[in-house]
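Engineer: Please see the structure below; I have some questions.
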Amino acid sequence: MKEQNKKKSKLPLTIEQKIKRRNFISFSTFFLFGAAAFSGWKWLLNAPDEDPGITGGTRAPLRKALNKTELFFRNFFSNNHLVKTYPKSRAASQVRINSLIGIEDDTNFDLKNWKLSVKRQNQDDLKISLDEIKALPKTEIVFDFKCVEGWDQIQHWAGVRLSDFLLHFNLDEQTKKQYMGLETPNGEYYVGLEMDSVLHPQTLLAYEMNDLPLSNEHGAPLRLLVPVKYGIKNLKRIGTMSFSNSRPRDYWAEQGYDYYSGL
Ligand SMILES: Nc1nc2c(c(=O)[nH]1)N[C@H]1C(S)=C(S)[C@@H](COP(=O)(O)O)O[C@H]1N2
Ligand SMILES: [Mo]
């Protein structure tokens, strides 16, 4: 049956014809894909920039794609997703110090009189002392701290769960907003976090590292630890806390880094 079919069709192609045909197919495929890639690139090049502001400049279509990916991961890693923790014996004794933006100047910073200011809408700022924060249940964590620059280190921190803090100071109305903004007392370093990460059970306001009060370089008297995110979001020396439905300004996002910076 098969043989008969073959005989009915045209004469079989010669080897040369076969080669020619293949060459034609591969060259035209190559050309078509090339043309498509080129026009895609031209399109992207001519596409408008994203709206200026909170994130570093890129083409609007690229930002759209980035935001889609972000949403996918945000839904994928809900609050039930916990980062891996380690025994204290695995924690580094020499904890790496990275950048010191907004915290270098210790002469103009009054550690003793520091208070966390919490901005609330239509109400006075809350001013909270370290002692008030320390009075809340203490939570410890040993996790692998990751910096976008490519290093990571297992570190031991302690403080209060940010969600415990918010509950205790009656900030539940504020947590209905989509974002929290944190800034150093001098406003030179600042981050924005979406509420899912703020309320994540491993997110801490930390005042101790390796069972000792934070050193200035590590963000004394109080810093953020958000283990579900890269180091850039882990603001050292918190001065103010605020809430909003639009993205708060973010130091590294303004430089073009991913706003979400999730792990
Ligand atoms: N105020 C302030 N917080 C900051 C930074 C900074 O420069 N200034 N750097 C961030 C970055 S990029 C990292 S990796 C971590 C490093 O924290 P560490 O110095 O305690 O290791 O702090 C983050 N928080
Ligand atoms: Mo970092």
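Engineer: Using only Cα atoms, figure out Rg for segment 10-66 and give it as a multiple of 2.2 N^0.38 Å.
Structural biologist: That works out to 2.05 for segment 10-66.
Engineer: With a 1.4 Å probe and every protein chain left in place, work out the accessible area per residue of the chain in Å², rounded to a whole number.
Structural biologist: That works out to 62 Å² for each residue.
Engineer: Just the projected area, averaged over all directions, of the convex hull on the alpha carbon atoms of segment 98-149: how many nm²?
Structural biologist: Taking a quarter of the hull surface, the average projection is 6.4 nm².
Engineer: Could you give the radius of gyration (one decimal) and Dmax (whole number) of the Cα atoms in segment 122-263, in Å?
Structural biologist: Computed over the Cα atoms of segment 122-263, radius of gyration and Dmax are 14.1, 43 Å.
Engineer: Moving on to the next point. Along the charge dipole of the chain, which of Asn67, Thr203, Pro227 sits closest to the positive end, that is, farthest toward it, with unit charges on the beta carbon of Lys, Arg, Asp and Glu (+1, +1, -1, -1)?
Structural biologist: Asn67
Engineer: Subtract the Cα-Cα distance of Leu66 and Thr14 from 0.36 nm times their separation in residues, and report this length gain in nm to one decimal.
Structural biologist: Between Leu66 and Thr14, full extension yields an extra 13.6 nm.
Engineer: Here is a follow-up. On the first, second and third principal axes, largest extent first, how far apart are the outermost C-alpha atoms of the chain in Å?
Structural biologist: 95, 45, 35
Engineer: Something else now. For the chain, find the longest principal axis of its Cα atoms and tell me its angle to the long axis of helix 15-46, 0 to 90°, nearest 10.
Structural biologist: Helix 15-46 sits at roughly 30 degrees to that axis.
Engineer: For the chain, what is the calculated [θ] at 222 nm in deg cm²/dmol (nearest 500), taking -39500 (n - 2.57) for each run of four or more DSSP H residues and dividing by its residue count?
Structural biologist: Taken over the chain, the calculation gives -8500 deg cm²/dmol.
Engineer: What distance in nm lies between label points placed 7 Å from Cα along the C-beta direction at Trp151 and Asn23?
Structural biologist: 5.8
Engineer: Greater than 32 Å separation of Cα atoms is the criterion. Which listed pairs, Lys88/Lys112; Lys18/Lys42; Lys42/Lys229; Lys127/Lys176, meet it?
Structural biologist: Flagged as over cut-off: Lys18/Lys42; Lys42/Lys229.
Engineer: Which distance in nm do the two modelled labels at Lys115 and His81 give, with both placed 7 Å along the Cα-to-Cβ direction?
Structural biologist: If labels sit at Lys115 and His81, their model points lie 3.9 nm apart.
Engineer: Taking the Cα centre as origin and putting +1 on Lys and Arg beta-carbons and -1 on Asp and Glu beta-carbons, what dipole magnitude results for the chain, to the nearest 20 debye?
Structural biologist: 2480
The values are calculated or read from the model by the stated rules, or taken from the named source; none is laboratory data. Because the structure is predicted, anything quoted here is derived from the model rather than measured. Glycine gets a Cβ as well: all are built from the backbone with ideal geometry, and neighbour counts include every protein chain shown. Heavy atoms of the whole protein, side chains included, go into the accessibility calculation; ligands, DNA and RNA do not. Shrake-Rupley method; radii C 1.70, N 1.55, O 1.52, S 1.80 Å.
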